[in-house]
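Here is the structure we will look at, set down as structure tokens.
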Amino acid sequence: MEALSVSQDEAFARIRLLRSPNIGPVSYRMMLARYGDAEAAIDALPDLVTRRGGKYTITPKDKAEREIEGVIAANARYLFHDQPEYPALLGEIESAPPILTCRGDLTLASGPCVAMVGARNASAASVKLARDWSAQLAQAGFTVVSGLARGIDGASHEGAFPKTIGVIASGIDIAYPPEHGDLQERIATSGLLIAEQPPGTEPRGRHFPSRNRIIAGLASGTLVVEAAPKSGTLITARLAGEAGREVMAIPGSPLDTRSLGANQLIRDGAVLVQSVDDVIELLEGFTGAPRSTFQLGEDKHPFDYAELRQMEWGEAKADHSGDVGKLLTKAPIGVDELIRQSGESAARVHMMLLELELAGELERHEGGTVSRVG
């Protein structure tokens, strides 16, 4: 592996930790905060789950070794959440991926970025518009972020090339859709290609919302060119709004179902844009105070992960982690709502939820919500 800001042993332990059962971005960060490093966290994991009557198997060393070999074979590199090159805006979201694999120019992610997303079966007019607008945004100094899907995504990458970032739902070595294989390789060579999944991972339905949060997290604003109701594009827009980023949409004909999603976004508070200049005006000098009111996140209870270092495991066991466990059902609920209803401190609630998650009893969802595993 390439030289890191952490030791080789710690980097290896981080990969094993993140790939272990019931460990996601949030629980990964909590374990690092609680134990100081991944090696110590791995040593503690089996005993933590055993206390709740379960068994736990950490990702074997040889599996992690094969993953690293796959990253090297793909001419990619690892990027850890605490390295200087890690994109600052992405690091601000609660579920930021702790480990990414990348190919290309990482400096593209540190400059001003705009996400452009839309329908896969987009109209010819919208495809041309996406290509033209992304080219103008690139000329204005923005890097265009998208998901390499058919339709609007592909056109946005083509127009902005090489000032573009492709975020994929597969491993860094898998091209999807196959017809974008050449475009994906061009982006990896001259732009920036990012993947969260390990090499060799084929894209699955659950991977696409995860990819969408990275697209939204990298950019100060997300522009929806064309979208049908209940589409993945609207998930990206919602995630951008929850992260406190600008959400913009280009209006379309109410007679075209491919425009209904974008029109609904505008109705719900996204900013209507009709020219590239509108987008530039919104995003130049973005300070974290969006004009759009679409899906703004709620005020959060302050929580410093370092507080976990002061807590003891097993403080809240018995009735499925105390009162917090009793409040949980199969219906997702916000962690902040659990803090309000339980009357417990933010740190204690997060600790209880972490215990449940490690035991496989808790599932985390978009927007900082959790539920019982159903």
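Here is a yes/no grid of residues against (1) modelled with pLDDT of 90 or more; (2) out of contact with any strand residue (DSSP E or B) (no Cβ under 7 Å at 6 or more places or on another chain); (3) among the charged types (D, E, K, R); (4) open to solvent by 80 Å² or more (accessible area, probe 1.4 Å):
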residue: 278; (1), (2), (3), (4): yes, yes, yes, no
residue: 285; (1), (2), (3), (4): no, yes, no, no
residue: 297; (1), (2), (3), (4): no, yes, no, no
residue: 315; (1), (2), (3), (4): no, yes, yes, yes
residue: 319; (1), (2), (3), (4): no, yes, yes, yes
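Looking for something assigned to a helix (DSSP H, G or I), within 18 Å of residue 351 (Cβ to Cβ), open to solvent by 20 Å² or more (accessible area, probe 1.4 Å) and not small (Gly, Ala, Ser) - is there at least one such residue anywhere in the stretch 77-91? Looking through the stretch 77-91, none of the residues is assigned to a helix (DSSP H, G or I), within 18 Å of residue 351 (Cβ to Cβ), open to solvent by 20 Å² or more (accessible area, probe 1.4 Å) and not small (Gly, Ala, Ser). Here residue 14 does not qualify as modelled with pLDDT under 95, more than 24 Å from residue 166 (Cβ to Cβ) and either touching a helix residue (DSSP H, G or I) at 6+ places or on another chain (Cβ under 8 Å) or in a loop (DSSP other than H, G, I, E, B) (or both). Looking across the stretch 250-269, just one residue is under 25 Å from residue 96 (Cβ atoms) and either in contact with a helix residue (DSSP H, G or I) (Cβ under 7 Å, 6 or more places away or on another chain) or assigned to a strand (DSSP E or B) (or both), and that is 265. Listed conditions (1) closer than 24 Å to residue 18 by Cα; (2) in contact with a strand residue (DSSP E or B) (Cβ under 8 Å, 6 or more places away or on another chain); (3) at pLDDT below 95 are all met by residue 234, apart from (1). For the stretch 109-126, the count of residues that are in contact with a Pro (Cβ under 8 Å, 6 or more places away or on another chain) and surrounded by fewer than 24 Cβ atoms within 10 Å (Cβ to Cβ) is nonzero.
Is it the case that the stretch 186-205 has a residue that's over 21 Å from residue 75 (Cα atoms) and either hydroxyl-bearing (Ser, Thr, Tyr) or in a loop (DSSP other than H, G, I, E, B) (or both)?
Of all residues in the stretch 186-205, those over 21 Å from residue 75 (Cα atoms) come to 204-205.
The next check asks that each one be either hydroxyl-bearing (Ser, Thr, Tyr) or in a loop (DSSP other than H, G, I, E, B) (or both); those that pass are 204-205.
For the stretch 186-205, residues over 21 Å from residue 75 (Cα atoms) and either hydroxyl-bearing (Ser, Thr, Tyr) or in a loop (DSSP other than H, G, I, E, B) (or both): present.
Within the set of pairs 6+ apart or on separate chains, which have a first residue in the stretch 233-261 that is more than 25 Å from residue 88 (Cβ to Cβ) and open to solvent by less than 20 Å² (accessible area, probe 1.4 Å), a second that is modelled with pLDDT under 90 and among the basic types (Lys, Arg), and C-beta atoms under 8 Å apart? Taking only residues 6 or more apart or on different chains, the pairs are 261/230.
The values are calculated or read from the model by the stated rules, or taken from the named source; none is laboratory data. Being a predicted model, the structure only gives us computed values, none of them experimental. Note: ideal-geometry Cβ built from the backbone for every residue, glycine included; neighbour counts use all protein chains shown. These accessible areas exclude ligands, DNA and RNA; they are computed on the full protein's heavy atoms, side chains included. Shrake-Rupley method; radii C 1.70, N 1.55, O 1.52, S 1.80 Å.
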